[in-house]
Amino acid sequence: MNVQSLGFFASLDHYHMYMGITLSHTSALYATRMLRAENHDLRLMDYTPLAAPAPWVGNRWSVREFYPAQWRWPRPAASQPLNVLVPSSQDRLRVKHVTNHTCSKDLPPTSILWLDNNASMVSPPLLFVQMAQTLTIPELVLLGYELCGCFTRDARKPTHGPTTDMIPPATSVDEVLDYLYALRGVPGATKAREALQYVSNFALSPPEAVLATMYSLPVAWSGYDMGPVALNQRVSVAQGDVTDNGKDRYPDLMFPFAPIGINYDGNDHLRLGDIVQATHAVDTSSGAELENAKLQLQEATQGVRAKYVDDLRRNRELMSRGCAVLPLIKEDLYDSNNLDTATRQILQSAQSFFGVDVQDYLNILDDPSLKRQRSKLLRSLLHPQAT
């Protein structure tokens, strides 16, 4: 980084100057997921320049730097090397199980986020570019939905671990696009631009992200080529009476070729397990505990009924505003044949209700070779090993 760049950063009071390690690539993705699961808003964090790392325990790099007392971030391991970004080859960390990535170019000022006195990490837009170096376009699109969405996968077990939702997005499509315009000569930027055109903001869960990826991707990438999609877009359903005054609905996914979309209902959409658990408590309780168990069963039953009623009213209200929103269930998503069937019904509805010519989409569905490719892609997105 040149003197002019350093002067720019030094002129900003909220920029931190530090000599610690800058996490990058999969290590930055791990830290990003960890922070988001803790409900940190990454867009409110401070930026810092990319600096040459220096050890904080001794005069030379050693495993002591990564003891938990000083280091809360991913540690170097044979199964998962620590990825770090350094400004020159002379600044490389000579530590076992550390992978150094050199970036001698000036980066945009929104490239590095300050974490603490010992660590920083690449910002989500730069992370998206870095991951483009190793991920396929579909995998990168899926990651884009996560970074631009309101959920995050588990840092340790991204495929099978718990998902954290209802959190602020780490970035947005426009923010990543602006960053790409400012970035020059960095590996992965071209691929990131290609993938970004299939990403939308505000995915609320991994299933939504998978569906949006499948529908947005073109045939060349084994998708349905039905995008770009809009996720959780506000639709006013106020009818002018007291009960509906000012009411809004947010369909999970809407297609661009007609006012038609889907709402995804997963396993926990209707909390039937709460009723089963409460019923068991009634059967195995007595005395005062029995009365409490009966009350909990009543509340669980009422909760499920209220959700079911709200779903029916939602669909009716959206239809009254000219939006046909069809339900999609877990069994549709986890079986490619079922997803093709549901997609065909969506297209037929668009044709029947709105007069849309959907023959090109139906031709994609009917092609046996494309069907096999879609099935393979869907399985890979539901179980993403690379991220």
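The values are calculated or read from the model by the stated rules, or taken from the named source; none is laboratory data. Just so we're clear, the structure is a prediction, and the values are computed from it rather than from any experiment. Here the Cβ positions follow ideal geometry from the backbone for every residue, glycine too, while neighbour counts run over all protein chains shown. Protein only, heavy atoms only, side chains kept; ligands, DNA and RNA dropped before computing areas. Shrake-Rupley method; radii C 1.70, N 1.55, O 1.52, S 1.80 Å.
Here are a few things to note about the model shown:
- The distance between label points at H160 and E194 comes to 3.3 nm (points 7 Å beyond Cα on the Cα→Cβ vector).
- Relative to the current alpha-carbon distance between A78 and N292, full extension at 0.36 nm per residue lengthens the span by 71.8 nm.
- Accessible surface of V356 - all protein chains present, 1.4 Å probe, nearest 10 Å²: 30 Å²
- Integer Hz, Karplus 6.51/-1.76/1.60 couplings in order for the range 360-366, x for Gly and Pro: 4, 5, 5, 4, 5, 5, 7
- A 1.4 Å probe run over the protein chains yields, for the range 74-191, 42 Å² of accessible area per residue, whole-number rounding.
- Normalised by the number of residues in the range 44-102, the average gap of Cα pairs under 8 Å and 6 or more apart makes the relative contact order 32 percent.
- Considered as an equivalent ellipsoid built on the Cα gyration tensor, the range 122-165 has semi-axes of 18, 12, 10 Å, the largest given first.
- Restraint check, K105/K157; K96/K157; K96/K191; K157/K371; K157/K376; K191/K376, Cα-Cα greater than 26 Å: K105/K157; K96/K191; K157/K371
- The range 143-187: translational diffusion in µm²/s, Stokes-Einstein, Kirkwood Rh over Cα pairs, 20 °C, 1.002 mPa s: 180 µm²/s
- Fraction of alpha-carbon pairs over 23 Å apart in the range 90-236 - percent: 40 percent
- Label-to-label distance, nm, for residues given as F354 and D225 (7 Å Cα→Cβ offset): 1.9 nm
- Theoretical gain in end-to-end length, H383 to D311 [0.36 nm per residue, Cα-Cα removed]: 23.0 nm
- Nonlocal amide H pairs with L253, under 5 Å, H built at 1.01 Å: N232, I262
- Estimated FRET transfer efficiency (E299, F257; beta-carbon r; R0 41 Å; 0.05): 0.45
- Per principal axis, descending, Cα span of the range 46-148 in whole Å: 42, 31, 25
- Placed amide H near D265: partners under 5 Å, 5+ positions off or other chain: L328, I329, K330
- P(r), alpha carbons of the range 170-235 - 10 Å bins starting at zero, rounded %: 20, 46, 30, 4, 0
- Of the residues K371, K96, K157, the one with the largest accessible area comes first in the ranking K96, K157, K371, computed with a 1.4 Å probe on protein heavy atoms.
- Once the chain from S104 to Y250 is taken as fully extended at 0.36 nm per residue, the excess over their C-alpha distance is 48.1 nm.
- T279-R43 FRET efficiency (beta carbon distance; Förster radius 30 Å; 0.05 resolution): 0.10
- Anchor K247: aspartates and glutamates whose Cα lies under 16 Å away (excluding residues fewer than 8 positions away in-chain): D310, D311, E317
- Label separation (R372 vs A69): 6.0 nm, computed from points 7 Å beyond Cα along the C-beta direction.
- Portion, in percent, of the accessible area of the range 69-128 that falls on carbon or sulfur, probe 1.4 Å: 46 percent
- Summed residue charge, Cβ within 12 Å of I364's Cβ, Lys/Arg positive, Asp/Glu negative: -2
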